[in-house]
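Following: one structure in structure tokens, then a few remarks.
A short reminder: the numbers here are calculations on the coordinates, not readings from a lab. Being a predicted model, the structure only gives us computed values, none of them experimental. All Cβ positions, glycine included, derive from the backbone under ideal geometry; neighbour counts span all protein chains shown.
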């Protein structure tokens, strides 16, 4: 049996019945909380209602099932309050003085405050409830309602929040693991080994027993087995003693249809499988029971697939399915990088290993971070039905293409993407626009016009890379929400300044200069004859200032 999954791994969501009866005071409904709820108050419920007796009644009810609760009489008071970082939900009245419940829901979306919300109202109509649900509400209860209805809704909302936290943690863990592969690149004996390390990392992230990488190499109608990961070791098909007749997979109509899906789960034991019988029999003989197939695509072209094998009848959680295409995107970039590095070596264009490692760090770490961010936002938008998740998925695809183009430039020592066509100012403007994350990070540019024409293209490239590194540091390490970029000419100098409102860099971190790309920025500034200055302090944000002497 095989299961085809959509891009988010979601099933359709049913709209809850908004008609409820009874009251929060009970009216004969006695709720007996489960043991876990009574003994583990590890979740928080916020209540916003301007009716004091109702607030007190809701507070007592929620406490009776072992949950922590905080109450507020207005939306403004709730926004100003402190919220513990626990699994949580919000019980929100529709009609409030000042900001209404719907206004608060909209404001929370604008500032990326992700809390599952249960609306309650004694005056709501169908249009109000539909509006709230379309904006991402978890439930909508009409007063009077039964105690049990509210407790059940709170339980579902908290479980939804827990699941969202697990998905976010999974994506963050995977992204950081792949970044560590990039950071360790200078220590890899061969650049080609980088792809194997990425594949091993992806396999561990999905807790797979084994995995194989098949690529469309030279034979457009076939996928060819390229690498095998078993027990943490990366091997060639020969080293893995893989049967020669099974090292190829024909891309017939059925195979292409399967590989058009974001992910396919195959039950090897029961039912009809979409893979050839010879491959299925071989996998069963090795003890595998479940197969997860994820296509690899670059520029809308299928370049291969990843097959993850599991020894058990694996039941995949939604976060596992959501993360698989994200990992596949980053694996595709690693494949492209490895191919280009091979070509560069063969043609003698690659100058030295450390220089390539620096270019790879600049090109792909930034792309991976941006892609992971956009995919995370897309998943949230799809999950909550708040906003157009497709927009963020399209943006992630655009960023992937930009990353591929930059990797190509690094390997072939060509001019950076767009610089030679639109100039430094407009390329940095494009970088700034792509660094914006609605509701989370705002990046702006102030620039002199025009810049001197005599600035060499290589110098412009280094300035662009410094800006790219500084912006990435601010978003990845400093938790910045606002970044200001300035490019100005004044009194014989070109000044590039990147300032953020993040938590800054401590003196110890500044001395170590590890993990922030500071050495790379210093080396670039030195190479073009510029001075680089860092102004920072814990809690005070960071400014990266580059001053380059230019001809008047």
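Using 0.36 nm times the number of residues separating residue 245 and residue 534, minus their current alpha carbon distance, what extension gain do you get? Extra length from residue 245 to residue 534 when fully extended: 98.2 nm. Distance between the pseudo-spin-label points of residue 490 and residue 267 (7 Å out from Cα toward the beta carbon): 6.9 nm. Given R0 = 30 Å, the distance between the Cβ atoms of residue 523 and residue 238 translates into a calculated FRET efficiency of 0.15. What FRET efficiency do you get for residue 111 and residue 301 if R0 is 35 Å and r is their Cβ-Cβ distance, rounded to the nearest 0.05? Taking R0 as 35 Å, the efficiency between residue 111 and residue 301 is 0.35.
Multiplying the residue separation of residue 51 and residue 458 by 0.36 nm and removing their Cα-Cα distance gives an extension gain of 139.9 nm.
Once divided by 2.2 N^0.38 Å, the Cα radius of gyration of segment 415-549 becomes 1.00. Footprinting exposure proxy ranking of 289, 106, fewest other C-beta atoms within 10 angstrom first, gives 106, 289. Note on residue 42 and residue 281: their simple-model spin labels are 4.8 nm apart, each label 7 Å out from Cα toward Cβ.
Could you line up 489, 443 from fewest to most neighbouring Cβ atoms inside 10 Å?
489, 443
With neighbours defined as other Cβ atoms within 10 Å of a residue's Cβ, the residues 490, 42, 500 order from fewest to most as 490, 42, 500. The residue 125 and residue 82 beta-carbon pair, evaluated with R₀ = 41 Å, returns a calculated FRET efficiency of approximately 0.75. In terms of packing, defined here as the mean over residues of other Cβ atoms within 10 angstrom, the peptides 230-240, 296-306 line up highest first as 296-306, 230-240. In terms of its C-alpha gyration tensor, segment 69-165 has a rounded overall shape, because the principal axis ratio a/c (a ≥ b ≥ c, square roots of the eigenvalues) stays below 1.5.
Model label points for residue 219 and residue 422, set 7 angstrom from Cα along the Cα-to-Cβ axis, are 4.2 nm apart.
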